[in-house]
Amino acid sequence: MKIGIIGLGLIGGSLGLDLTARGYEVVGVSRQQETCDRALAKGIATITGQDLRLLDKTDLIFVCTPIGAIVRAIESIVPYLPPETIITDVGSVKGAIVAPATKLWSNFVGSHPMAGTAHQGVEAAEYNLFENAPCVITPIAETSPEAIAKISQIWEALGCKLYHTSPEKHDCAVAWISHLPVMISANLIHSCSEIKSTEVKQLAQALASSGFKDTSRVGGGNPELGLMMAQYNRQELLNSLLEYRQNLDLLIDNIEKENWDFLEQFLSDTQDLRANFLH
Ligand code: NAP
């Protein structure tokens with residue numbers, strides 16, 4: 001099977017590494033020639049280039065560009081493809097992508113592997129990024145069952161645990177567990193960087209260890225990705241942020257009132273809830 005990848009960054013590059021390692025012929029297309037050259041040197045693909053026509057004989061294409069470029073990339077490649085080629089994307093938002101992409105190409109199915117690191121670009125690509133990661137497949141009424149089966153089979157072969165749901169439910173769920181945490185974590189970093197006393201700030205920096213590294217990781221990631229999560233999943237992100245703010249106000253209120261019973265119960269609950277939430 002010949003597989004195409006558009007956008008050879010963290011996700012597209014990691015996908016290419018795993019697919020070539022499993023013996024697939026991989027054709028990689030990216031915006032910059034420098035990225036294409038690095039991808040070839042790293043073994044991400046067997047052929048790379050900037051020209052979308054390189055993808056004309058592929059059986060399956062993964063679109064791995066930033067969210068805002070996905071539908072445009074599909075629009076640009078469809079004139080070169082035979083109708084049996086299956087296209088999927090890896091975008092972190094699905095509602096804004098699946099319907100327009102399906103209109104452009106009936107053999108389209110949306111997917112979203114829940115895997116990533118704080119890094120970006122072709123140099124960030126790594127082997128086995130998708131091993132044991134959840135991957136969401138988001139069909140709509142028009143989606144071809146064959147396309148769903150084929151894409152599911154590839155993600156499973158890369159080690160993903162599959163989930164099937166609608167684009168809308170996907171966007172609602174990821175707002176809570178992915179897009180909201182990016183905003184909270186970014187705000188934590190921002191707030192700490194604005195500590196007023198230089199002496200305290202320097203001490204805080206020196207003392208920041210594993211706890212701060214954990215809580216700041218997603219806020220210190222790819223800014224383009226965070227921005228597009230907000231732009232393309234705006235309403236769901238706003239809903240979760242507003243509910244989060246209510247809970248934050250509740251915490252502030254109880255700490256101001258020295259309501260330690262409330263706080264003790266709250267933290268005892270979250271200790272249990274975290275274990276249950278993450279199974
Ligand atoms: P990334 O590391 O920045 O990679 C994106 C790559 O796309 C860039 O290296 C860029 O290549 C290329 N690109 C940009 N515009 C393009 C265009 N118009 N045509 C062709 N290539 C283009 O970002 P990423 O983290 O891999 O994210 C890619 C997609 O994966 C996004 O849709 C994101 O929502 C999704 N995703 C990300 C994560 C995560 O945690 N990072 C997890 C799951 C899904 P050049 O170097 O050639 O400019």
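What the table shows:
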item	result
Pair list, Cβ < 8 Å and 6+ apart or interchain, from region 71-90 residues that are in contact (Cβ under 8 Å) with a residue 60 or more places away in the chain to residues that are among the basic types (Lys, Arg) and away from the ligand (no atom under 11 Å from the Cβ)	ILE86/LYS150
Hits in region 40-70 (condition: touching a residue at least 40 places away in the same chain (Cβ under 8 Å), under 14 Å from ILE3 (Cα atoms) and not in a helix (DSSP H, G or I))	ILE44, ALA45, THR48, LYS57, THR58, ASP59, LEU60, ILE61, PHE62, VAL63, CYS64
Residue within region 136-150 that is assigned to a loop (DSSP other than H, G, I, E, B) and either among the charged types (D, E, K, R) or surrounded by 21 or more Cβ atoms within 10 Å (Cβ to Cβ) (or both) present	yes
Check on GLU123, surrounded by fewer than 24 Cβ atoms within 10 Å (Cβ to Cβ), more than 11 Å from the ligand (Cβ to nearest atom) and either modelled with pLDDT of 95 or more or over 17 Å from the mean Cα position of the chain (by Cα) (or both)	no
Residue within region 4-15 that is surrounded by fewer than 23 Cβ atoms within 10 Å (Cβ to Cβ) and away from the ligand (no atom under 11 Å from the Cβ) present	no
Pair list, Cβ under 7 Å, 6 or more apart: region 130-155 residue of a type in the set (S, T, N, Q), other residue surrounded by fewer than 19 Cβ atoms within 10 Å (Cβ to Cβ)	ASN132/GLY159; ASN132/LYS161; THR138/THR165; THR138/SER166; SER144/SER106; SER152/LEU162
Looking only at region 16-39, and only at residues there that are in a strand (DSSP E or B) and more than 14 Å from the ligand (Cβ to nearest atom), the one that is nearest to the chain's Cα centre (by Cα)	VAL26
All positions within region 69-95 that are within 13 Å of the chain's Cα centre (by Cα) and either of a type in the set (Gly, Ala, Ser) or more than 8 Å from the ligand (Cβ to nearest atom) (or both)	GLY91, SER92, LYS94
SER178 being within 16 Å of the ligand (Cβ to nearest atom) and part of a helix (DSSP H, G or I)	yes
Pair list, Cβ < 6 Å and 6+ apart or interchain, from region 1-28 residues that are under 15 Å from LEU129 (Cβ atoms) to residues that are among the small types (Gly, Ala, Ser) and more than 14 Å from the ligand (Cβ to nearest atom)	THR20/GLY43
Spans of helices (runs of 4 or more DSSP H) in region 187-244 with at least 3 residues away from the ligand (no atom under 16 Å from the Cβ)	198-207, 210-216
For ALA118: the one exception among (1) surrounded by fewer than 17 Cβ atoms within 10 Å (Cβ to Cβ); (2) within 9 Å of the ligand (Cβ to nearest atom); (3) not in a loop (DSSP other than H, G, I, E, B)	(3)
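The values are calculated or read from the model by the stated rules, or taken from the named source; none is laboratory data. Owing to the predicted nature of the structure, the values given are computational and were not obtained by experimental measurement. Neighbour counts are summed over all protein chains in view; Cβ atoms, including those assigned to glycine, are modelled from backbone coordinates with ideal geometry.
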